[in-house]
């Protein structure tokens, strides 16, 4: 009798624990959302995982229900099963392997954009000033000038002689300056004279519409030989100037001014004069 009573007590104890465990499971399943939120908010799951190396499981994956567990892990309780009343003697549940959640392979981190500092402005080389044009090489020109020869009977004749003059762009000016220098020694020995006053200087010479405007200094209007000397010096100037094909007549200026008469004897120079004035 005593043995039967012990067996009945053990059976009642086992049934009590089974009912208690089932009650706990039902309460857990009914309130798992609340329990999970409390665990997440307190961080208890992470603490246990870090301390014991336990991976958190989804309650749905480990809920011990008959439809969820394999048949071989459920041991049904029989009246004559030898047990000491502990839960481990009633149900043996092998650990269920839960594959870790897949994690997406992180893509390559975005490369940091390197912004190169702007290069310092390069110094601008100063623009070289345009070089002054090199003076053109002097050119040689063969020209003609006129000197005076006085015959034995006292007549005055203009004699043409040639000169080679060096010039840049004003051959007429250089020709008249050569005329003012007078004849050479050989020409003097041949009886050629220069009747233009010794101190005469040419200020400028320009040509416009066939007229050469010759600007002399004041010494040009005074000739020591009187009227014949003035007439001869005009002939020398006009003949030498009209050797140039662009010149037909000559207008005499004294210090830049047009005067009516040359010298005290009154030779008229108020208008341009050509070769025809000397017959």
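Values quoted throughout were computed directly from the atomic coordinates according to the rules given, and no laboratory measurement underlies them. Keep in mind that this is a model prediction, so the values were computed, not measured. When we count neighbours, we look across all protein chains shown, and the Cβ atoms used for this are built from the backbone with ideal geometry, even at glycine.
Taking a ≥ b ≥ c as the square roots of the eigenvalues of the Cα gyration tensor, region 131-279 is classed as oblate, since a/c reaches at least 1.5 and a/b does not exceed b/c. If the chain linking residue 181 and residue 277 were pulled fully straight, counting 0.36 nm for each residue of separation and taking away their Cα-Cα distance, it would gain 32.1 nm.
Packing order of peptides 224-232, 175-183, highest average first: 175-183, 224-232 (average count of other Cβ atoms within 10 Å over each peptide's residues).
The calculated FRET efficiency for the pair residue 199 and residue 248, based on their C-beta separation and a Förster distance of 51 Å, comes to about 0.95.
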